[in-house]
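The values are calculated or read from the model by the stated rules, or taken from the named source; none is laboratory data. Remember, predicted model here, so these are calculated numbers, not experimental data. When we count neighbours, we look across all protein chains shown, and the Cβ atoms used for this are built from the backbone with ideal geometry, even at glycine.
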Amino acid sequence: MLIDVVHVKPYLDFQLELEFANGEFRFFDMRPLIAVTPWNRIASSAVFMKAYVEYGTVVWPGGIDVASDTLYLDSYGALKKSNGNEAMGTGTGK
């Protein structure tokens, strides 16, 4: 199952708010991953907050990414979309 990520909003607690191409909004907890290589390279909040979407998945500077399948299958549903005051990130955030 390949469902592209179309928007990402990182949070300081190492959560990602994701919007998928099928219209679903979901949350993904990065805390277990940032404890291991290669994701430990994004374990500082300054780096983590630089997440952006590229080629349908979430990417960080230095080429660190997570497969969109993992992001979808291991995430949980959001109750609602971010409020209008908090724009979700797009693929232009490099």
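For segment 1-21: of the residues being modelled with pLDDT of 95 or more and part of a loop (DSSP other than H, G, I, E, B), which is surrounded by the fewest Cβ atoms within 10 Å (Cβ to Cβ)?
Narrowing segment 1-21 to residues modelled with pLDDT of 95 or more: 4-21.
Remaining after also requiring part of a loop (DSSP other than H, G, I, E, B): 4, 11-14, 21.
On the way: Asp4: 15, Tyr11: 14, Leu12: 8, Asp13: 10, Phe14: 19, Ala21: 12.
It comes out as Leu12.
Return only the number of the condition from (1) at pLDDT 95 or above; (2) farther than 12 Å from Val6 by Cβ that Ala78 does not satisfy.
Condition not satisfied by Ala78: (1).
On the basis of being under 20 Å from Ile3 (Cβ atoms), touching a helix residue (DSSP H, G or I) at 6+ places or on another chain (Cβ under 8 Å) and part of a strand (DSSP E or B), does Val53 make the cut?
no
Just checking, which of Asp13, Asp65, Asp69 is in contact (Cβ under 8 Å) with a residue 24 or more places away in the chain and among the charged types (D, E, K, R)?
Asp69
Can you work out which of the residues in segment 22-37 that are assigned to a loop (DSSP other than H, G, I, E, B) and loosely packed, with under 13 Cβ neighbours inside 10 Å is nearest to the chain's Cα centre (by Cα)?
The qualifying residue nearest to the chain's Cα centre (by Cα) is Arg31.
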